[in-house]
Amino acid sequence: MNNSQQRGPGVPRVARVTERSQARRAELIATGRRLFADTSYDALSMDDIARQAGVAKGLIYYYFKNKRGYYLAIIEDAVAELVRRAASTHDLPPVERVQHTIDGYLRYAQHHQAAYRAIVTGGVGFDAQVLAIRAEVRERLLGTIAHAAWGREDIPALARTALVGWLSSVEGVTLEWIARQELDRETVGSLLVRGLGDTLRLIEEYEPTCPAPTRPSVS
């Protein structure tokens, strides 16, 4: 009996190897997110990371090439989760979709503070690649808000500029909130929803093709 007969039917061997590789890579990223949540980038060596992950250092080099590549993979994973949480609103009415998007955004920042700070402040120093990741998440969040408000993502320049201004304020408010932790998430969310409502009504004044949805209720 040859090896293929011994393995029997089911998932091909190459696919199983790929799945195991993806699972191992995901485990290393999850470990890195925990480590960088409590320790600065410069304070962690590859030896520290390998020891905490319980793997040979060469395995981390195999998947990520170096510590910077590992760090960027962690930030990209954090961005994917942030956007996924914020955008999981397709079946809701527009106003509830906006509220859910903001709440998902705040929940992520609250429970993944180090990753959130890295995303919105540019990571380690002035890191062009992390800033590019930040720009990507901004684009996706702007698209989510525009689709919730107007059912489209191709919006006029004025509407985009105003939404970028609002999103910048969201980042500043969120950083202040997680640093001080003096307000509950619901209150911060209500402030941001009201601010978005004001922004949307201002956009409508200058750009009638982007009418503001019904004013969100404040909980």
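The values are calculated or read from the model by the stated rules, or taken from the named source; none is laboratory data. As the structure is a computational prediction, the values presented were derived from the model and not from experiment. Positions of Cβ are generated from backbone atoms using ideal geometry, with glycine treated the same way; all protein chains shown enter the neighbour counts.
Here is how the numbers come out for the structure above:
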| quantity | calculated |
| --- | --- |
| The range 23-33, residues that are under 14 Å from Asp48 (Cβ atoms), in contact (Cβ under 8 Å) with a residue 24 or more places away in the chain and of a type outside the set (A, V, I, L, M) | Gly32 |
| Arg152 vs. criteria outside any helix (DSSP H, G or I) and farther than 30 Å from Gly69 by Cβ | yes |
| Residue that is modelled with the lowest pLDDT, among those in the range 106-144 that are within 15 Å of Val83 (Cα to Cα) and touching a Gly at 6+ places or on another chain (Cβ under 7 Å) | Arg134 |
| Search result, residues across the range 200-213 that are surrounded by fewer than 20 Cβ atoms within 10 Å (Cβ to Cβ) and free of Cβ contacts under 8 Å to residues at least 60 places away in the same chain | Arg201, Leu202, Glu204, Glu205, Tyr206, Glu207, Pro208, Thr209 |
| Ala73 vs. criteria under 29 Å from Glu171 (Cα atoms), without any contact (Cβ under 8 Å) to a residue 40 or more places away in the chain and out of contact with any Cys (no Cβ under 8 Å at 6 or more places or on another chain) | no |
| Checking Val79 against (1) more than 24 Å from Gln129 (Cα to Cα); (2) crowded, with 18+ Cβ neighbours inside 10 Å; (3) at pLDDT 70 or above, the condition it does not meet | (1) |
| Boolean, Ala73 is modelled with pLDDT under 80 and under 17 Å from the mean Cα position of the chain (by Cα) | no |
| Enumeration of residues in the range 34-61 that are over 19 Å from Ile119 (Cα atoms) and either in the same structural domain as Ala179 (by TED's automatic domain parsing) or in contact (Cβ under 8 Å) with a residue 60 or more places away in the chain (or both) | none |
| Test result for Thr199, over 17 Å from Gly104 (Cα atoms), in a helix (DSSP H, G or I) and polar (S, T, N, Q) | yes |
